[in-house]
Amino acid sequence: MPGGECVIIVAGGQGLRMGADIPKQFIPIGQRPILMHTIEKFLSWNNSLKVILVLPQNQFSYWESLCRNYDFTQKHILVAGGETRFHSVKNGLQHIGDSQLIAIHDGVRPFVSQETIERCFSAADEKGAAIPVINVSESLRKIEKNGIASVGLKRSDYRLVQTPQVFKSSIICKAYELNYNDAFTDDASVVEAAGFPIFLVEGNLENIKITTPFDLKVAEALINKT
Ligand SMILES: Nc1ccn([C@@H]2O[C@H](COP(=O)(O)OP(=O)(O)OP(=O)(O)O)[C@@H](O)[C@H]2O)c(=O)n1
Ligand SMILES: C[C@](O)(CO)[C@H](O)COP(=O)(O)O
């Protein structure tokens, strides 16, 4: 593909819900930091993918020491994170060069499958903007202002959204010219606010976002099975 493909891996958050002593992206699962598994998933899919890793500036030297200690030599560009995920992605976008397809992926989703990555890139190549989703398996209730939970939400009307979210570079760069809005919960919401349609593809169930200590237990179980 002319200009090639790239992935921005965002890991610039504080991990408050994890509440661990070290930033959650560095916690080892299967004896290696989460972030190393995530980066390798993308390079297994395409070894010439450009990898942009967004981290808080004050974690650069810690990450570099981890890379030395774990003999992690995969090529990547380090970029400083911002105040919110939106700002971290925006910083990453400054480094995409002439890449034509841009994936944006949470650093704490190391169980993304090769099939999910392939589906997202190939749908984005065709449609311009593609995100992976999975079905909801439980019943849903909406908590109303009076605190009473209402029934009647049809779960088949809803999907859970994952990453990587993949876009043609012209689309994602245009979208990220918008001012920040706290309704921007992911990249697709920014792209949609800029007026572009989003195409949904199937994600994979294991592609959890490691957010809480419970997720870490699930991750340890999954890493021993994959
Ligand atoms: N300023 C920020 C905030 C979040 N992220 C990244 O966005 C992804 C999804 O965010 P989340 O899981 O909420 O991570 P945290 O913001 O670190 O977690 P918490 O909300 O519990 O503090 C993570 O990989 C996180 O590092 C980021 O790059 N820059
Ligand atoms: C991008 C995302 O992972 C899609 O599900 C999610 O919106 C990130 O949310 P967070 O509040 O930043 O964890």
Checklist entry - How many percent of DSSP beta bridges within the chain run antiparallel, rounded to 5? => result 40
Checklist entry - Taking the Cα centre of the chain as the origin and placing charges on Cβ (Lys, Arg +1; Asp, Glu -1), which of 39, 107, 218 is farthest toward the positive end of the dipole? => result 218
Item to check | Relative contact order [Cα under 8 Å, 6+ residues apart], region 108-223, whole percent | outcome: 37
Checklist entry - Residue farthest toward the positive end of the dipole of the chain, with Cβ of Lys/Arg at +1 and Asp/Glu at -1: which of 82, 69, 152? => result 152
Checklist entry - For the chain, with the dipole built from +1 on Lys and Arg beta-carbon atoms and -1 on Asp and Glu ones, taken about the Cα centre, which of 143, 164, 189 lies farthest toward the positive end? => result 143
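With r as the distance between the Cβ atoms of residue 46 and residue 199 and R0 = 25 Å, compute the FRET efficiency 1/(1 + (r/R0)^6) and round to 0.05.
Result of the calculation: an efficiency of 0.80.
Roughly how many debye, to the nearest 20, is the charge dipole of the chain about its Cα centre, given +1 on each Lys and Arg Cβ, -1 on each Asp and Glu Cβ, and no other charges?
I would put it at about 360 debye.
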Checklist entry - Given that compact globular proteins tend to follow 2.2 N^0.38 Å, what is the ratio of the alpha-carbon Rg of the chain to that value? => result 1.02
Checklist entry - Using Cα pairs under 8 angstrom and six or more residues apart, how large is the relative contact order of the chain, in percent? => result 24
Item to check | Only Lys, Arg (+1) and Asp, Glu (-1) charged, at Cβ; region 1-105 dipole about Cα centre in debye | outcome: 160
Next on the checklist: Need one word for region 103-219: rounded, prolate or oblate. Basis is the Cα gyration tensor (sqrt eigenvalues a ≥ b ≥ c); a/c below 1.5 gives rounded, then a/b vs b/c decides.
Outcome noted: oblate
Item to check | Helix-only CD estimate at 222 nm, as mean residue ellipticity for the chain, using -39500 (n - 2.57) per DSSP H run (n ≥ 4) | outcome: -9000 deg cm²/dmol
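If you keep only loop residues by DSSP, which GluC sites (Glu not before Pro) in region 165-208 have at most 10 other Cβ atoms within 10 Å of their Cβ?
Sparse-neighbourhood loop GluC sites (Glu not before Pro): 177.
Each reported figure results from applying straightforward, stated rules to the coordinates on display, with no laboratory input. Since the structure is predicted, the reported quantities are computational estimates derived from the model, not experimental observations. Positions of Cβ are backbone-derived with ideal geometry, glycine not excepted, and every protein chain shown enters the neighbour counts.
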